[in-house]
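The values are calculated or read from the model by the stated rules, or taken from the named source; none is laboratory data. It should be emphasised that the depicted structure is a prediction, and the values quoted were computed from it without experimental measurement. Every residue, glycine as well, gets a Cβ built from its backbone with ideal geometry; the counts of neighbours run over all protein chains shown. Note: accessible area is taken over every heavy atom of the protein model, side chains too, but ligands, DNA and RNA are not part of it. Shrake-Rupley method; radii C 1.70, N 1.55, O 1.52, S 1.80 Å.
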Amino acid sequence: MTDVRARALLVIEDDAPIRRALHDALSGVADRLLEAATGRDGIDLAATARPELIILDLGLPDAAGVDVCREIRSWSRVPIVVLSARHSDSEKVLLLNAGADDYVTKPFSTPEFVARIRAVLRRARLAGTIGDDGPATVAAYGLVIDLARRRVARGQTVIRLTPIEWDILRTLLSNADRTLTHQQIFDAVWGSATGSPQQYLRVHVTNLRRKIEANPARPELIVTEPGVGYRAELPG
């Protein structure tokens, strides 16, 4: 597969040495790397330059990173990858619920970071190919999942899922390789229902894994991000 390349990426980061390091690391990913040292400048550049992806630091001098994320997300679907020294699960949940697509903690491995950026770009370009507007068949780990026909099979064996299990699987596959928080999945599946998202999902995801994973104790498709949520992890 040819490596994905962006027309322009935007880095919102107040630390000049980190901006330089990112510029060097991402030279093979984008034709242009735009830079902003403040949240306000970053928002303005996001609006005027229309980058294909934004890398957002949380420790900005003029605004909380989560507020910058929310403001951009209110008018744009551009992928946002958060880059931060903060490691807490609650911080990750906050940013993912605010609309971030991925969260990378400092210090980070440059090759892994570049791979994560490429994965988010690739997912953004494929958005809509799983769902109502495009092919809805996923083949992975010996499974063939036809989301349009609500059918999943392993070889010649059809696996029966409950409506809730289907909705969870569809939500995760529609955001493949992206971690969704418990709240995001709960809202997508149950709508305005009240209750504990984590407890609801634990039961249904456990049952879903028993049906579709080759080894439910070591799941390959539905992966847990401890303290945060779940993601559907597809082979590269």
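General observations
- Counting only protein chain heavy atoms and rolling a 1.4 Å probe, the accessible areas of Trp166, Trp75 rank, largest first, as Trp75, Trp166.
- Exposed trypsin sites (Lys or Arg not before Pro) absent: longest stretch of the chain, with sites in DSSP loops and at most 10 other Cβ within 10 Å deemed exposed: 1-148
- Looking at region 31-160, the DSSP beta bridges with both ends there are about 60 percent antiparallel.
- Each label was represented as a point 7 Å from its Cα along the Cα-to-Cβ direction; for Thr224 and Ala49 these points are 4.1 nm apart.
- The dipole here belongs to the chain: it is taken about the Cα centre, uses +1 on the Cβ of Lys and Arg and -1 on the Cβ of Asp and Glu, and is about 1000 debye.
- Fluctuation leader among Val82, Val189, Val138 - the chain, Gaussian network, Cα springs under 10 angstrom: Val138
- Share antiparallel - DSSP beta bridges, region 44-112, percent rounded to 5: 10 percent
- Electrostatic dipole magnitude of region 61-182 [Cβ: Lys, Arg +1; Asp, Glu -1; Cα centre; debye, to 20]: 420 debye
- About the Cα centre, charge dipole magnitude for region 166-236 (Lys/Arg +1, Asp/Glu -1 at Cβ), debye: 200 debye
- 13 Å beta-carbon shell around Leu58, net charge (K/R +1, D/E -1): -3
- Shape call, region 5-115: gyration tensor on alpha carbons, a/c limit 1.5: rounded
- Accessible area of the chain divided out per residue, in Å², using a probe of 1.4 angstrom: 49 Å²
- Rg/Rh (Cα only; Kirkwood hydrodynamic radius) as it applies to the chain: 0.99
- Taking the protein heavy atoms of region 81-236 in the context of the full set of protein chains, the accessible area attributed to carbon and sulfur is 50 percent at 1.4 Å.
- Length available on full extension from Asp187 to Glu112: 0.36 nm per residue minus the Cα-Cα distance, which gives 23.9 nm.
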